[in-house]
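Enquirer: I have a structure here, written as structure tokens, and I will follow up with some questions on it.
The values are calculated or read from the model by the stated rules, or taken from the named source; none is laboratory data. What you see is a predicted model, and the numbers here were worked out from it, not measured in a lab. Cβ coordinates were reconstructed from backbone atoms using ideal geometry, including for glycine residues, and neighbour counts include every protein chain displayed.
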């Protein structure tokens, strides 16, 4: 936003043409009326994304939170938390990414009471604002170059239009290259095991729908999968017990039938013997 626009925003607080870094942190960083970043002396208002893009952002954030509950390998930067970028060309910039994550292996870990981050995040996500060409360029070109230059290891650009989303990872030479989808799935290199279907960013299925999906099974409601496995095992045991009981019932019925048959055969034999004895006695009586 131009300085004149900032000045019109706050008539009682004239915006200087140049703002020192110290003044930015003290006066402008937490300004109650507007969200500002600092670009080597200039104040820049952070543009706002559309609602559909925000829904994409929230869906991916929910996935990341599920992943971190299962694999607590990182801390999340709070919304609008600033961090300092000292660029190789000597410029210093303070950015407030829409989302940032600090890996537990990062040498600079934020304290719970910090309202800014003094290191470089390992993953940064920006929800693209495309209200103007300048806003698009800000995320797609300018910030991309800045984040690569200071060593942000992964950079995601989110948008409701699949043609505008992008996922980058750094090379050994410190430049960004696209993360190649593997059968349509984006795999993070910063957080091993975190992955998502690129197409799901537009579909945004519920986590209930994802819990049985092998792409997400490792971190979306794994306790449900464990409970289902236990329930399935219990069902299998119950079915086995039922089968054994039915088999025992069949065997008991077979044994009863055999006993009944043997009883009848014994009774028939006894009746035959009795009949023969009667005939014999009759002959002897003659």
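Enquirer: Cβ contacts < 9 Å: first residue on the phi > 0 side of the Ramachandran plot and assigned by TED's automatic domain parsing to the domain that holds residue 145, restricted to the range 162-183; second residue at pLDDT 95 or above and loosely packed, with under 14 Cβ neighbours inside 10 Å, any location; separation 6+ or different chain. Result?
Expert: 174/151
Enquirer: While we're on this one: Restricting to the range 37-59, name every residue that is within 19 Å of residue 130 (Cα to Cα), surrounded by 20 or more Cβ atoms within 10 Å (Cβ to Cβ) and modelled with pLDDT of 95 or more.
Expert: Matches in the range 37-59: 37, 53, 56, 57.
Enquirer: Is it true that residue 77 is assigned by TED's automatic domain parsing to the domain that holds residue 215, closer than 25 Å to residue 26 by Cα and buried (at least 21 other Cβ atoms within 10 Å of the Cβ)?
Expert: Yes, satisfied.
Enquirer: Mind checking which strands (runs of 3 or more DSSP E) fall wholly inside the range 48-117 and carry at least 2 residues that are within 24 Å of the chain's Cα centre (by Cα) and closer than 23 Å to residue 151 by Cβ?
Expert: On the way: elements: 74-76, 82-86, 92-95, 99-103.
Of the strands (runs of 3 or more DSSP E) lying wholly inside the range 48-117, those with at least 2 residues that are within 24 Å of the chain's Cα centre (by Cα) and closer than 23 Å to residue 151 by Cβ span 74-76, 99-103.
Enquirer: May I pose another question? Going by the structure shown, is residue 86 exposed (fewer than 13 other Cβ atoms within 10 Å of the Cβ) and in contact with a strand residue (DSSP E or B) (Cβ under 6 Å, 6 or more places away or on another chain)?
Expert: yes
Enquirer: Also: Given (1) in contact (Cβ under 8 Å) with a residue 24 or more places away in the chain; (2) surrounded by fewer than 20 Cβ atoms within 10 Å (Cβ to Cβ); (3) closer than 24 Å to residue 34 by Cβ, where does residue 121 come up short, assuming only one miss?
Expert: (2)
Enquirer: Next up: Out of the residues in the range 184-199 that are touching a residue at least 24 places away in the same chain (Cβ under 8 Å) and not in a loop (DSSP other than H, G, I, E, B), which is farthest from residue 63 (Cα to Cα)?
Expert: 185
Enquirer: Checking the condition touching a residue at least 24 places away in the same chain (Cβ under 8 Å) and under 23 Å from residue 58 (Cβ atoms), which residue from 140, 109 passes?
Expert: 140
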